[in-house]
């Protein structure tokens, strides 16, 4: 699927041309991770059928699983009602988190109540 200029203009990108992308397992519905996309990374994701993000720290594209093999096969991409957040439903080939956890959201705030330096 190719994004038309009209669709790209309808999406509410932030001042840096980015949008949060929440990645969710299409089968379990577990939230796996959150990253950022720009128009080109969204188009690349749609073109190859695997998630491609924009790394704010490296200022470069990041194809999830390119080095680890833990790719995320895209099943569906949704845009929220305000057109400012993406929800990407995927079939993951492995853990989403760089710590090797299934999800990046494995820690609770209560774990850090007395240890804020560990956040």
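Its relative contact order, with pairs defined as Cα atoms under 8 Å and 6+ residues apart, puts the range 1-56 at 30 percent. Straightening the chain between residue 56 and residue 110 buys 16.6 nm, computed as 0.36 nm per residue apart minus the Cα-Cα spacing. Take every Cα pair under 8 Å whose residues are at least 6 apart in sequence, average their separation, divide by the length of the chain, and the relative contact order is 24 percent.
Restricting the calculation to alpha carbons of the chain gives Rg and Dmax of 15.0, 50 angstrom.
Spin-label pair residue 30-residue 97: with each label point 7 Å from Cα along the Cα-Cβ axis, the two points sit 1.0 nm from one another. Helix-only arithmetic for the chain: the sum of -39500 (n - 2.57) across DSSP H runs with n ≥ 4, divided by the residue total, places the mean residue ellipticity at 222 nm at -3500 deg cm²/dmol.
Between 0 and 90 degrees, the angle of helix 39-48 with respect to the longest Cα principal axis of the chain falls at about 90 degrees.
Every read-out reported here was derived from the displayed coordinates using simple, explicitly stated rules and does not represent laboratory data. Worth saying up front: this structure is predicted, and the values here are computed from it rather than measured. Backbone-built Cβ (ideal geometry, glycine too); neighbour counts: all protein chains shown.
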